[in-house]
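Here the structure comes first, spelled out in structure tokens, and everything after it is commentary.
The values are calculated or read from the model by the stated rules, or taken from the named source; none is laboratory data. Source: prediction; values computed, not measured. When we count neighbours, we look across all protein chains shown, and the Cβ atoms used for this are built from the backbone with ideal geometry, even at glycine. Note: areas computed on protein heavy atoms with side chains; ligands, DNA, RNA excluded. Shrake-Rupley method; radii C 1.70, N 1.55, O 1.52, S 1.80 Å.
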Amino acid sequence: VLATPMTAADVALGEILGAVLRGTLYSIAFVFTMWILGLVGSPLIVLAVPVCMLIAFAFAAAGMAAATFMRMWSDLEYVNAVTLPLLLFSATFYPVSSYGQWSWLVQLSPLYHGVVVVRGLNLGQLEWSMLGNLAVLVALALAGLAVTARRIEGLLLR
């Protein structure tokens with residue numbers, strides 16, 4: 001692919017967009033399942049799909065950036081070591097208030113910002129603070145894409 005006029009950034013973006021497509025399909029299926037089960041609390045839930053696309057982009061870009069630093073198959077164990085705490089401590093299962101004095105640590109998780117927005121949309125609560133949450137995800141996505149493109153260029157075009 002790199003023998004064509006495509007750049008390393010194009011290759012990185014293509015890989016990331018493949019993951020975003022899969023994440024989009026999952027989120028559509030999830031929202032549809034919520035609707036079937038009567039768990040949708042607001043028509044704003046349709047906006048959750050583009051938000052989930054942003055979440056998928058942010059995590060795909062960050063994950064691909066991290067993957068460019070892996071040297072062996074055994075390094076894939078770090079993926080679980082990072083994603084499990086992100087899932088458990090992102091206010092996905094419990095409200096952030098249940099973490100007590102550690103709630104500030106939960107708010108550092110990028111997944112927390114996605115959870116807040118999607119939960120708010122399902123509850124019909126649009127708040128200005130959601131823009132800040134979305135900004136965190138956009139920043140993660142852009143940083144991940146930049147690091148991935150630079151690393152791929154360095155690894156493949158030396």
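Here are the numbers:
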item: Inter-residue pairs, beta-carbon under 7 Å, first within 30 Å of Met70 (Cα to Cα) and in the stretch 82-107, second part of a loop (DSSP other than H, G, I, E, B) and hydroxyl-bearing (Ser, Thr, Tyr), 6+ apart; result: Leu86/Ser109; Phe89/Ser109; Ser90/Ser109; Val106/Ser90
item: Number of the exception - Phe59 against (1) within 23 Å of Arg150 (Cα to Cα); (2) open to solvent by 30 Å² or more (accessible area, probe 1.4 Å); (3) without any contact (Cβ under 8 Å) to a residue 40 or more places away in the chain; result: (3)
item: Selection from the stretch 74-117 of residues that are under 17 Å from Ala60 (Cα atoms) and among the aromatic types (Phe, Trp, Tyr); result: Tyr78, Tyr112
item: Enumeration of residues in the stretch 21-36 that are open to solvent by less than 80 Å² (accessible area, probe 1.4 Å) and of a type in the set (Ser, Thr, Tyr); result: Thr24, Ser27, Thr33
item: Long-range neighbours under 6 Å by Cβ, at least six apart or interchain, first residue free of Cβ contacts under 8 Å to residues at least 40 places away in the same chain within the stretch 112-134, second in a loop (DSSP other than H, G, I, E, B) and of a type in the set (S, T, N, Q); result: Tyr112/Ser90; Val115/Ser90; Val115/Thr92
item: Residue, least open to solvent (accessible area, probe 1.4 Å), within the stretch 39-56, restricted to residues that are within 12 Å of Asn122 (Cβ to Cβ) and not hydrophobic (A, V, I, L, M, F, W, C); result: Ser42
item: Options Ala81, Ala65, Ala91: the member that is out of contact with any strand residue (DSSP E or B) (no Cβ under 8 Å at 6 or more places or on another chain) and within 22 Å of Gly18 (Cα to Cα); result: Ala65
item: Residues (in contact with a helix residue (DSSP H, G or I) (Cβ under 7 Å, 6 or more places away or on another chain), free of Cβ contacts under 8 Å to residues at least 24 places away in the same chain and under 30 Å from Ala146 (Cα atoms)) located in the stretch 9-56; result: Ile28
item: Some residue of the stretch 113-127 being acidic (Asp, Glu) and assigned to a helix (DSSP H, G or I); result: no
item: Filtered residues of the stretch 12-29 (kept if under 16 Å from Ala141 (Cα atoms) and among the aliphatic types (A, V, I, L, M)); result: Ala12, Leu13, Ile16, Leu17, Ala19, Val20, Leu21
item: Number of positions in the stretch 121-156 that are open to solvent by 60 Å² or more (accessible area, probe 1.4 Å) and basic (Lys, Arg); result: 1
